[in-house]
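These notes are about the structure you will find just below.
The values are calculated or read from the model by the stated rules, or taken from the named source; none is laboratory data. Bear in mind the structure is a predicted one, so any value in this text is a computation, not a measurement. Counting neighbours? That spans all protein chains shown, and the Cβs are built from the backbone with ideal geometry, glycine included. We work out accessible area using only protein heavy atoms, side chains counted, and drop any ligands, DNA or RNA first. Shrake-Rupley method; radii C 1.70, N 1.55, O 1.52, S 1.80 Å.
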Amino acid sequence: MRHTSAPPFSNPPSTANRRRFILSGIGTTFASLLTAPSAEGGPTSENTRDLKKIASCAPGPWGRLSYYYFFLEAPAHVVEKFPLPNTTPRWIFDLADYEVIAAQLKQAGVDASQVDQLLQSRRMARDDRRVYVFPTAGMVENLSPETRSTLYAILARNPANTFYHSPVFFLTDSVEEWAKDSELPQAVVQRISRLAYKSGNALVFSDIPLLLGYASSIAEARFIMQKLTRVRTLLARLDLGPEDSIPDLLNYWSTGLGLRRKELEPLMRAVVRTEGVAHLDILHLLPPLPRKLLYTFPDLTFAVEGRMPDCHWTSLNFFNMRPQSYLLDSRLATSLVKQDFDKVEPPYRYGDVLMFISPDERAVHSATYLAGDIVFSKNGANMLTPWLLMRLPDLEKLYDVAPENTRIVAFRHKASAESLTKH
């Protein structure tokens, strides 16, 4: 991590960081709008199979944090604004790769006889840029998990393969766990589970066209699409008792600058003094803008700006009373980071901006660090991705954080950094 200034922001992400919410229009259909990664165990004794279980973060200057999971999904009236995708499975290759398509398919594990069928003229089309291969539903259904994972990784290199480039991620250990209480028919859940595959350490799903092809009506197809926006988030709370130092907690949650201290101190002291009350929802500790946005989906009022809010707009507006529209411009957002922020090393502190830097030095994502391993994030610039709280390990899985892939670089506002050196 040698950066002394922020690398340029970038949308969409590079191939190594293609993990975006899928679905954003068909061409940009619903691509880049659905998602949910797969997570390991929590920082303590968390059991992700029991979503009702309250888990705890490691204690620190933020105090004692506990949390539990729940699911969000886009409202039906929002999903209805997006066209349904074509239900015909389609694999897209660049025309320049035409001569190696057969070798790539065989290398992925597709049976040689099926490769011959796929490359027949009735199952293939081309234009001046691309080659389109149309496998049958049976061929897609019968791919082994290993072949599916390898083949779809090849397809994901080409952004034209919308649903492979930006798959649905499951933040749970299984599709069944993700779908619990979703009202999805068991037959649909089972089909998603059979078609799910591993991408890195995450469980993902790409065969949305195939899945919708089994819907009996437009209403059912839209219902399935709505459920595919289902994403796991969490509700966090600050546990408070007589043993906790209110001045120390106020120093952390006010970034050392006293931000909102007059608002936060009465809340914390009221919790400590009130019998039967032992915690404060972390929502009350957030500045006004993220407090307003948390657990919501963007509405059309944001569209008048010409672009929907993304992760960088979200991170850099975190402490602003009113969102600054110029932060929708990646160039200006980069300029702000270079001007007003310093690069810092862990441990992170409340309000730090965590940049996810790709191997080609682009900021493919950013999130705001809160406490423990909890961050505030918006994972996509569209109406079907909400503002939410996530555990940092889940976000790292979503954006391929690994020594050979993405790395995290943290930035702290200079005013906050200066105040900390005085304490």
Testing residue 78 on (1) of a type outside the set (Ser, Thr, Tyr); (2) at pLDDT 95 or above; (3) in a helix (DSSP H, G or I), one condition comes back false. Which one is that? (2)
Just a yes or no: is a residue in region 221-236 more than 23 Å from the chain's Cα centre (by Cα) and over 25 Å from residue 131 (Cα atoms)? yes
Can you name the condition, by its number, that residue 274 falls short on among (1) under 16 Å from residue 62 (Cα atoms); (2) at pLDDT 95 or above; (3) more than 23 Å from the chain's Cα centre (by Cα)? (1)
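Does residue 356 satisfy the condition of being open to solvent by less than 20 Å² (accessible area, probe 1.4 Å), closer than 27 Å to residue 225 by Cβ and either touching a helix residue (DSSP H, G or I) at 6+ places or on another chain (Cβ under 9 Å) or aliphatic (A, V, I, L, M) (or both)? Don't jump to the end; show me each part of the working.
On the way: open to solvent by less than 20 Å² (accessible area, probe 1.4 Å): yes; closer than 27 Å to residue 225 by Cβ: no; either touching a helix residue (DSSP H, G or I) at 6+ places or on another chain (Cβ under 9 Å) or aliphatic (A, V, I, L, M) (or both): yes.
No: the conditions fail for residue 356.
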Quickly run through region 150-196 and pick out the residues that are outside any loop (DSSP other than H, G, I, E, B), more than 18 Å from the chain's Cα centre (by Cα) and closer than 20 Å to residue 110 by Cα. 150, 151, 152, 153, 154, 155, 194, 195
Need pairs with beta-carbon distance below 7 Å; first residue under 15 Å from residue 287 (Cβ atoms) and in contact (Cβ under 8 Å) with a residue 12 or more places away in the chain and within region 306-317, second part of a helix (DSSP H, G or I) and polar (S, T, N, Q); sequence gap 6+ or separate chains. none
Restricting the first residue to region 151-180 and requiring it to be among the acidic types (Asp, Glu), which pairs with a second residue that is buried (at least 23 other Cβ atoms within 10 Å of the Cβ) and part of a loop (DSSP other than H, G, I, E, B) meet a Cβ separation below 8 Å and a spacing of at least six or different chains? 173/38; 173/39
Scanning region 209-266 residue by residue, those open to solvent by 10 Å² or more (accessible area, probe 1.4 Å), part of a strand (DSSP E or B) and within 30 Å of residue 75 (Cβ to Cβ) turn out to be 235, 237
Matching residues, region 327-348, being in contact with a Lys or Arg (Cβ under 8 Å, 6 or more places away or on another chain) and more than 10 Å from residue 411 (Cα to Cα): 328
Pairs under 6 Å by beta carbon, first residue within 17 Å of residue 365 (Cβ to Cβ) in region 331-348, partner assigned to a strand (DSSP E or B) and hydroxyl-bearing (Ser, Thr, Tyr), six or more apart or different chains? 348/369
